[in-house]
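This report refers to the structure that appears directly beneath it.
The values are calculated or read from the model by the stated rules, or taken from the named source; none is laboratory data. Remember, it's a predicted structure, so these values are computed and weren't measured experimentally. Positions of Cβ are generated from backbone atoms using ideal geometry, with glycine treated the same way; all protein chains shown enter the neighbour counts. Quick note on the areas: whole protein, heavy atoms, side chains included, nothing else; ligands and nucleic acids left out. Shrake-Rupley method; radii C 1.70, N 1.55, O 1.52, S 1.80 Å.
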Amino acid sequence: EICACLVGSEMCIRDSFYTSLYHTMIDPRDYRDVTGEYVGGDRKVHKTDAFKKRTVFSGWDVFRSQFPLQNLINPEVVNDMINSFVTLAEENGTGVYERWEFLNAYSGCMLGNPAIAVIVDAYMKGIRGYDVEKAYRFARQTADRIGHHPELGYSPGGSGISETLEYGYFDWCVGEWAEALGKTEDAGIYHRRGQAYRKIFDKEKGWFRVRNADGSWADWPEKGRLQEWYGCMECNPYQQGWFVPHDVPGMVEIMGGRDKVLADLESFFENTPREFYWNPYYNHANEPVHHVPFLFNRLGAPWLTQYWTRVICADAYKNSLAGLCGNEDVGQMSAWYILASAGFHPLCPGETRYELTAPVFDRVEIALDRRYAKGRKFVVTTEGNAPDACYIQSATLNGKPYNRCYIDHEDIVRGGELHFVLGRTPNKQWGVE
């Protein structure tokens, strides 16, 4: 459970919060009959009372915000979903996880191996009520069979930019899980595969570029990195190129260093139309950029994360007929709002770190599930909150000064209070790493 409180007359913002919360609660739904029976991936009837068989997994979308949110407010749902992944991979005989599962069928939508990220993120956050070894084995098989080009180390042609970056991230997730399980040889293999992004970065163009199977570069498009669908799925290289969440220092290095990257990232947002409808810059209407506002925290400019998340919450989400700037995508769009407006959001699922930002509300309270958490509730409060007071001046965690622009999952599920003092001008000393 999670609830928010806002002092004053801005009740439409609270309406947006609870409408968003409702959207995140619809799926993944219980697929069983009242008897506990369901039709499995082998088209035979199965029965389970050990967990709720879940369905409707819009993987490419929901691994980014929707499942990280559920890890906190509905961990049992996540545990159910992981058991559902494993049983489906077993029942249908593939031994791999579906990317976009719908009523035990594969829709074939999008790309990547998002179920891996969901499972690894949950495992790292203490959600482990499933056969861990079997789940890990299927994760390896999924990563090895889907999207992996062992002879090249990158995905050639077509959607090669999106595929190389996203499959590389999911490989990194397997590496992190392997390391946590003490499988050091596996960890080395998948961590190395997580560096695939370096193989499609063209130093001459200063950005990611489609590479052919023979190692040559594909023609650079007329609009350059603003060319939609050039090597990308539902986006352009400028948008997709920021997706190296598992190795931000490496990404910054190849892009030319912190100052150059920071300037480029600021331009990315400043060129974005404020209604946040589909556009070639920060396109909040679609998922590939949803982590990007939080990159400012990793670049030593957390005040820009605070500013831009507040702008997005105010302008991309409204209590009106056109209340969302893009497709809900099975709770993802709303889950981003829930987390960002509460003051924290993950940059890289699979890590236990959340990036901090300025909350929209005066008080947000999360009731913790004692089966997965040590504490009873985690509360985020603010002082000096106002629509134009979006900058964190200082913070305390359980009454002690807190000067980090991030918080660990363990600190949240331990319970307590994170308190922010907000102001109208940036405090460029707070939270700088």
For the chain, what is the accessible area per residue in Å², given a 1.4 Å probe and the full set of protein chains?
-> 39 Å²
Under the Debye formula (equal points on every Cα, no solvent term), log10 I(q)/I(0) of region 84-173 at q = 0.14, 0.23 Å⁻¹ = -0.50, -1.21
In debye to the nearest 20, how big a dipole does the chain give about its Cα centre with +1 on each Lys and Arg Cβ and -1 on each Asp and Glu Cβ?
-> 620 debye
Give 223/428; 44/134; 52/377; 377/428; 125/400 a once-over and call out the pairs whose C-alpha atoms are over 32 Å from each other.
-> 223/428
Highest-first arrangement of 49-55, 32-38, where packing means the average Cβ count within 10 Å = 49-55, 32-38
Cα principal axis extents for the chain, largest first, Å | 60, 57, 45
For region 387-433, the Debye formula with one identical point scatterer on each Cα and no solvent gives log10 I(q)/I(0) at q = 0.27, 0.31 Å⁻¹ as -1.02, -1.16
Just the number, please: Stokes-Einstein D of region 220-309 in µm²/s, Kirkwood Rh from C-alpha pairs, 37 °C, 0.692 mPa s.
-> 245 µm²/s
When only Cα pairs under 8 Å and 6 or more residues apart are kept, what is the percent relative contact order across the chain?
-> 16 percent
Leaving ligands, DNA and RNA out of it, report the carbon-plus-sulfur percent of the accessible area of region 96-211 at a 1.4 Å probe.
-> 48 percent
DSSP beta bridges in the chain, what fraction antiparallel, as a percent rounded to 5?
-> 85 percent
Computed log₁₀ I(q)/I(0) - Debye formula, equal Cα scatterers, no solvent, region 118-218, q 0.15, 0.21 Å⁻¹ | -0.62, -1.00
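Starting from region 102-209, pick out the GluC sites (Glu not before Pro) whose DSSP state is loop and whose Cβ has at most 15 other Cβ atoms within 10 Å.
Here the sparse-neighbourhood loop sites are 151, 204.
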Quick one: dipole size for region 94-177, taken about the Cα centre, charges +1 on Lys/Arg Cβ and -1 on Asp/Glu Cβ, in debye to the nearest 20.
-> 200 debye
Per-bin percent of Cα-Cα distances, region 248-298 [10 Å] = 24, 53, 22, 1
Once the principal axes of the Cα atoms of region 276-376 are found, what is the range along each, listed largest first in whole angstroms?
-> 43, 35, 28
Hey, which aspartates and glutamates would be in cross-link range of residue 47, C-alpha to C-alpha under 20 Å, not counting anything within fewer than 8 residues on its own chain?
-> 30, 33, 37, 76, 80, 90, 91, 101, 131
Going highest first, how would you order 420-433, 209-222 by mean Cβ packing within 10 Å?
-> 420-433, 209-222
Among 224, 71, 162, the residue whose Cα sits farthest towards the positive end of the charge dipole of the chain (+1 at Cβ of Lys and Arg, -1 at Cβ of Asp and Glu, taken about the Cα centre) is 71
